[in-house]
Amino acid sequence: MAIIIDGKKISQDVRNEIKEKALHLKEVRGIIPGLAVILVGDDSASEIYVKRKENACREAGFLSKEFRLPADTDEKEIFDIIYKLNRDETIHGILVQLPLPKQINPESVIEAVDPKKDVDGFHPYNLGHLFTGDAFHNSCTPSGILELLDRYGIEIKGKETVIVGRSNIVGKPLAMMLLKRHATITICHTRTKNLSEVTKRAEILIAAAGSPEMIKGNMVRQDAVVIDVGINRLGNGKLAGDVAFSEVSKKASYITPVPGGVGPMTIAMLLMNTLNAALI
Ligand code: NDP
């Protein structure tokens, strides 16, 4: 039976450490890390995420500024806010909550953010510099996954690692970050042939497809480390990951649950990026 990786606990540990560092930063240098969150429209899931981010900021002793804009806001209005925040010395991190309403191009909005303040790590400058290792900030969910592996003492170097999913926010940046840590990487997607043959090779298997319980027990190598990034809301309102937990946990050596695995790490790493931004 697999060891269950406790993302909730690790995330709280990280947040406590960040709180201590923030206090120290305030005492020694008079700097309070500040995060601005821009929310456009009334997407209910986004509302919940933004609330959680604000609460996490407050708990860490950060300054938190929130901009709530109606769904019919035009791009120019968002750009004006971002340009002001880029110049605001009390704000170190700027986060535009996605998804944005249809009339707004998310790429242009993300590109308007100063890369030093792009604490989501979505700016092309930061994504591009993932290749050279010089990004100001790495994407939060992939960073959270690395943090979990490290804190459980799971070796990455030389490991046969398979990622299911190639999105710009999870699969691709994660692949680069793991490559930097000397893993051997395979990225799978919807056109991958014989998916289970590929996943079965993985010593570390990371599922980030957004497809409920698609990774079954027979797709997993004995004693693999299985990281489930998926968050899927089922018809009955319950959350499911991309991994069929009950069968896979019998075969894996380590596994993350959903909820309580990767999810809580994303906010912790957002705080970490904001703290680091305050130090730039
Ligand atoms: P996207 O929809 O942007 O990307 C999904 C990727 O998975 C695509 O590359 C797609 O392939 C691939 N894929 C989908 N279905 C299959 C399949 N059956 N077989 C092989 N590959 C497949 O999703 P995200 O990366 O944004 O998110 C993935 C999941 O992670 C979601 O459940 C999301 O909610 C969750 N998530 C969780 C976070 C957290 O904090 N824990 C943060 C971000 C996301 P193709 O490119 O060919 O279409």
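For segment 183-193, check the following and say yes or no: at least one residue is buried (at least 23 other Cβ atoms within 10 Å of the Cβ), more than 11 Å from the ligand (Cβ to nearest atom) and of a type in the set (S, T, N, Q).
Checked segment 183-193: no residue is buried (at least 23 other Cβ atoms within 10 Å of the Cβ), more than 11 Å from the ligand (Cβ to nearest atom) and of a type in the set (S, T, N, Q).
For segment 239-280, give me the residue count where each residue is within 14 Å of the ligand (Cβ to nearest atom) and of a type in the set (D, E, K, R).
Selection size over segment 239-280: 1.
Right, Arg233: near the ligand (Cβ under 10 Å from one of its atoms) and basic (Lys, Arg) or not?
Spelling it out, Arg233 is indeed near the ligand (Cβ under 10 Å from one of its atoms) and basic (Lys, Arg).
What tally of residues in segment 212-250 results from selecting those that are surrounded by 16 or more Cβ atoms within 10 Å (Cβ to Cβ) and either under 28 Å from Arg181 (Cβ atoms) or within 22 Å of the chain's Cα centre (by Cα) (or both)? Give the steps one after another, and end with the answer.
Residues of segment 212-250 that are surrounded by 16 or more Cβ atoms within 10 Å (Cβ to Cβ), as a first pass: 212-215, 219-221, 224-232, 240-245, 247-249.
Adding the requirement that they be either under 28 Å from Arg181 (Cβ atoms) or within 22 Å of the chain's Cα centre (by Cα) (or both) leaves 212-215, 219-221, 224-232, 240-245, 248-249.
Count: 24.
In this structure, is Glu203 in contact (Cβ under 8 Å) with a residue 24 or more places away in the chain, in contact with a helix residue (DSSP H, G or I) (Cβ under 8 Å, 6 or more places away or on another chain) and either more than 9 Å from the ligand (Cβ to nearest atom) or among the basic types (Lys, Arg) (or both)?
no
Quick one: how many residues across segment 50-76 are more than 23 Å from Thr266 (Cα to Cα) and surrounded by 14 or more Cβ atoms within 10 Å (Cβ to Cβ)?
3
Got at least one residue in segment 12-23 being crowded, with 21+ Cβ neighbours inside 10 Å, within 12 Å of Ile267 (Cβ to Cβ) and among the small types (Gly, Ala, Ser)?
No, segment 12-23 contains no residue that is crowded, with 21+ Cβ neighbours inside 10 Å, within 12 Å of Ile267 (Cβ to Cβ) and among the small types (Gly, Ala, Ser).
Determine the pairs where a residue that is at positive phi, located within segment 249-270, has a partner that is crowded, with 19+ Cβ neighbours inside 10 Å and assigned to a helix (DSSP H, G or I) with Cβ atoms under 9 Å apart, the partner being 6 or more residues away or on another chain.
Pairs that qualify, where the first residue is at positive phi and the partner is crowded, with 19+ Cβ neighbours inside 10 Å and assigned to a helix (DSSP H, G or I), are Gly260/Gly7.
Which fully enclosed helices (runs of 4 or more DSSP H) of segment 31-129 have 2 or more residues being modelled with pLDDT of 95 or more and under 18 Å from Thr141 (Cα atoms)?
44-60, 124-128
Give me a count of the residues in segment 130-172 that are part of a strand (DSSP E or B), within 16 Å of the ligand (Cβ to nearest atom) and over 28 Å from Val113 (Cβ atoms).
Result for segment 130-172: 3.
Do the conditions hold for Ile10, that is, is it in contact with a Phe, Trp or Tyr (Cβ under 7 Å, 6 or more places away or on another chain), at pLDDT 95 or above and closer than 30 Å to Lys251 by Cβ?
no
The values are calculated or read from the model by the stated rules, or taken from the named source; none is laboratory data. Note that the structure is predicted; figures quoted are calculated from it, not measured. Virtual Cβ from ideal backbone geometry, glycine too; neighbours counted across all protein chains shown.
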